[in-house]
Every structure is written in structure tokens, then in C-alpha cells.
Amino acid sequence: MKLGTGLVGMIALALLVAGCGQEAPPSPPKKPASKKVEAPMPKADAKPLPTEQQLEEAQPVFTYDPSMRRDPFVPLIEPKKPLANSDEPLTPLQQVELGQLRLVGVITGKGEPMAMVSAPGGKSYILRKGVKVGRNNGVVIGVDAGGVSVREKYYDFVGEVRENLQKINLPKREGAN
């Protein structure tokens, strides 16, 4: 045990001697004392500086006039608003969005072309030209082998009436090339 204590003591002594050989770092140079610079005396004909109250009164008061400007809190893009309907009750096809309808099949050939669509509730409906469909006053304008074409009328965010042509496409057959 004494051997271990002596070894620690010798290491500490070696470090102490090694540390004493270096010089202390130089101290930073002292800054020269700054001379006070006095403000020049104001001239006799100079105007006095205005007070804070005079500055506030001198500045024009800004008021915001919102006339002829849009409301910044109204979103630029609003959902499509349907045109006002008459007092007619809505059919089940007018209560769903066009994107929710799935085209099951199309019948073309003799007579008027027809299409069968499936609604979200699982019910199926037959579409012909002139049938009202969708929430935005959509009317079927054509049925062909590729799908059903629908014209929608709605108000855009500015309030103008817009027309939009949508197509419900027939899904590709599985296994066919």
C-alpha cells in the first residue's frame, strides 16, 4: 500500500515541477484613458429640439379605409356553391358528389345510350341524357362508350356563374389488355 501512495506522490510532484517551468501568459494591454468630448455649445440662433409630445402631434394619424377592398379574413378559394334551386326536392343522385359515383356499365347501340352508376350507399341508378346528378346542379349531357359527361353550374369565389364539364369514366376491365 505504501508503494502505491509513493507512486501517486511522485507523479504529482513531476506534474508540479513541469507546470512551474512555464511563464504566465502576458496580461492584455491596458486601454488608454478616453478623453471626454464635450458637446459643442448650441448657437444662439439655433432652434430648440422638439419635445416628444410635439413629435407625436406633428405626425399624421393613419386611418384604414376598407371601402373598395376585399375582406382579408375571407379565404380566396371557397368550395363551389351550387346555384339556387327551386323548391323541388333533391333526388338521391343530387345529394352526392360526382366523385362518389362509380360507373358500373354503359349501354350503347339502338336507342338512347344509358349508363349505370353505383352510389355510396350501394344503390344503383340509370343515367340518361338530361338526368340531374351531383350537388352542383349537374346535368348529364352525353353517354358514350368511354363514360358519362356531366355539365355543372356553380358560383365561384367571386360570385360569377361557372360551368364545369366533368366525366365519369368507365373503369378499365381487369385481365383485359
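The values are calculated or read from the model by the stated rules, or taken from the named source; none is laboratory data. These numbers were taken from a predicted model, which means no experiment stands behind them. Positions of Cβ are backbone-derived with ideal geometry, glycine not excepted, and every protein chain shown enters the neighbour counts.
Only one entry of GLY111, GLY122, GLY130, GLY142 meets the criterion of being over 16 Å from GLU97 (Cβ atoms), in contact with a Ser or Thr (Cβ under 7 Å, 6 or more places away or on another chain) and not hydrophobic (A, V, I, L, M, F, W, C), and that entry is GLY142.
Within the option set VAL139, VAL133, VAL143, VAL106, being modelled with pLDDT of 85 or more, touching a helix residue (DSSP H, G or I) at 6+ places or on another chain (Cβ under 6 Å) and of a type in the set (Val, Ile, Thr) holds for one residue only, VAL133.
Among residues of region 97-107 being loosely packed, with under 15 Cβ neighbours inside 10 Å and not in a loop (DSSP other than H, G, I, E, B), the one that is nearest to the chain's Cα centre (by Cα) is GLY99.
Considering only residues of region 80-96 that are under 28 Å from GLU160 (Cβ atoms), surrounded by 10 or more Cβ atoms within 10 Å (Cβ to Cβ) and out of contact with any strand residue (DSSP E or B) (no Cβ under 7 Å at 6 or more places or on another chain), which is modelled with the lowest pLDDT? Filtering region 80-96 for residues that are under 28 Å from GLU160 (Cβ atoms), surrounded by 10 or more Cβ atoms within 10 Å (Cβ to Cβ) and out of contact with any strand residue (DSSP E or B) (no Cβ under 7 Å at 6 or more places or on another chain), the one modelled with the lowest pLDDT comes out as ASN85.
Residues checked against (1) in a loop (DSSP other than H, G, I, E, B); (2) loosely packed, with under 10 Cβ neighbours inside 10 Å; (3) touching a helix residue (DSSP H, G or I) at 6+ places or on another chain (Cβ under 7 Å); (4) modelled with pLDDT under 65:
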residue: LEU16; (1), (2), (3), (4): no, yes, no, no
residue: SER34; (1), (2), (3), (4): yes, yes, no, yes
residue: PRO50; (1), (2), (3), (4): yes, no, no, no
residue: GLN53; (1), (2), (3), (4): no, yes, no, no
residue: PHE62; (1), (2), (3), (4): yes, yes, no, no
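Being over 18 Å from ILE107 (Cβ atoms) and surrounded by 13 or more Cβ atoms within 10 Å (Cβ to Cβ) is the filter here, so list the residues in region 135-161 that pass it. Correct list: ARG135, ASN136, ASN137, GLY138, VAL139, ARG151, GLU152, LYS153, TYR154, TYR155, ASP156, PHE157.
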